[in-house]
Amino acid sequence: MEQKDRFVQIKERQKRIEENLSKIDHKIAVLSGKGGVGKTTVAVNLAVALAEEGFEVGLADLDIHGPNVARMLGLMDEPMMQNGFIVPMKYLTNLKVLSMAMLLEDGQPIVWRGPLKHTVIQQFLGDTDWGKLDFLIFDLPPGTGDEALSLFQMVKLDGTLIVTTPQRVAVDDVQRAINFVNEMGQTVLGFVTNMSYLICPNCGTKIKPFGEGVVNELSEVTGVKCLGEIPMDPVVAQYSDAGKPVVSFLRGSEAEKSFRSLVANVLSSIGG
Ligand SMILES: Nc1ncnc2c1ncn2[C@@H]1O[C@H](COP(=O)(O)OP(=O)(O)OP(=O)(O)O)[C@@H](O)[C@H]1O
Ligand SMILES: [Mg+2]
């Protein structure tokens with residue numbers, strides 16, 4: 001293909017993405033400096049809690065190599081194509097979900113480099129029938145790699161939520177993620193400290209395994225607000241593995257309350 005044709009094709013793809021996403025009021029990405037800190041858990045519970053508030057919500061799992069959103073919601077059916085668009089699966093009538101895991105055989109690995117991943121992300125954005133939404137949440141793989149780069153290049157987001165665990169050694173990772181978001185011309189909404197504390201099952205005391213004051217220190221060093229602290233609780237992992245998001249399956253728990261409070265802070269930080 002000639003360079004001129006390729007340029008026209010890129011412009012057309014971008015136009016299609018902009019048109020498709022123009023019916024979505026708020027777009028929020030969930031990112032972290034490193035892996036396993038709870039991004040997907042946060043993204044899933046944020047999406048479910050927003051849907052339970054009555055908003056129209058979409059959840060796009062952009063973790064191409066390690067897609068976990070579908071499992072955490074117990075959704076594994078294959079999405080259909082309609083009029084040239086992928087129809088996302090419905091977890092609730094007002095919560096649409098699309099994950100690479102739905103498009104793969106169980107356990108099938110993906111061995112793609114950047115350009116192929118970019119094409120798939122274009123499809124998630126431009127060729128998926130998200131319809132009219134109040135919120136589209138993007139779950140990203142760990143770190144500042146191809147997937148985040150593609151998303152940040154193609155979509156102007158309302159903001160990015162950075163998930164971290166509250167150890168002092170995490171400061172550098174959070175700072176790196178914040179710098180990346182800013183360098184991409186996007187904004188950081190705030191950070192979430194996951195596995196922030198434990199509730200003693202015997203006496204109900206809050207235990208801070210990584211010490212006191214880490215959240216304030218993170219906020220001071222990075223200049224970014226903490227929008228939520230989620231407790232470490234083995235049932236969060238058990239329920240997530242079983243496809244049951246804790247916000248709706250563990251009502252009244254400390255974990256549920258912490259996610260609801262995070263949602264309230266996210267809504268106020270975007271002026272909702
Ligand atoms: N607050 C919590 N309490 C207990 N377990 C948790 C909590 N948050 C997450 N987990 C568990 O920790 C593991 C990692 O969480 P999750 O998959 O959400 O992290 P991630 O940042 O998305 O990981 P990755 O970088 O691989 O995408 C999962 O087994 C999850 O169930
Ligand atoms: Mg994840």
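Figures for the structure shown
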item	result
Residue list for the stretch 216-272, filter: in contact with a Gly (Cβ under 6 Å, 6 or more places away or on another chain) and over 25 Å from Ala170 (Cα atoms)	Gly243
So Thr193, is it among the hydroxyl-bearing types (Ser, Thr, Tyr) and over 19 Å from the mean Cα position of the chain (by Cα)	no
Flag for Val224 being in a helix (DSSP H, G or I) and buried (at least 16 other Cβ atoms within 10 Å of the Cβ)	no
Per-region count, the stretch 49-74, residues among the small types (Gly, Ala, Ser) and near ligand 1 (Cβ under 10 Å from one of its atoms)	1
Strands (runs of 3 or more DSSP E) fully within the stretch 73-112 counting 2 or more residues that are touching a strand residue (DSSP E or B) at 6+ places or on another chain (Cβ under 6 Å) and modelled with pLDDT of 90 or more	85-87, 89-92, 95-99
Count of residues meeting criterion [more than 10 Å from ligand 2 (Cβ to nearest atom) and either in contact with a Cys (Cβ under 6 Å, 6 or more places away or on another chain) or in a loop (DSSP other than H, G, I, E, B) (or both)] in the stretch 27-52	2
Some residue of the stretch 169-181 being under 15 Å from the mean Cα position of the chain (by Cα) and either within 15 Å of ligand 1 (Cβ to nearest atom) or not aromatic (Phe, Trp, Tyr) (or both)	yes
From Lys27, Lys39, residue being of a type in the set (Lys, Arg), in contact with a Ser or Thr (Cβ under 6 Å, 6 or more places away or on another chain) and touching a residue at least 40 places away in the same chain (Cβ under 8 Å)	Lys39
Some residue of the stretch 180-191 being in contact (Cβ under 8 Å) with a residue 40 or more places away in the chain, of a type in the set (Gly, Ala, Ser) and assigned to a helix (DSSP H, G or I)	no
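The values are calculated or read from the model by the stated rules, or taken from the named source; none is laboratory data. Values in this document were obtained by computation on a predicted structure and should not be read as measured data. Note that each Cβ is placed from the backbone with ideal geometry, even for glycine, and that neighbours are counted across all protein chains shown.
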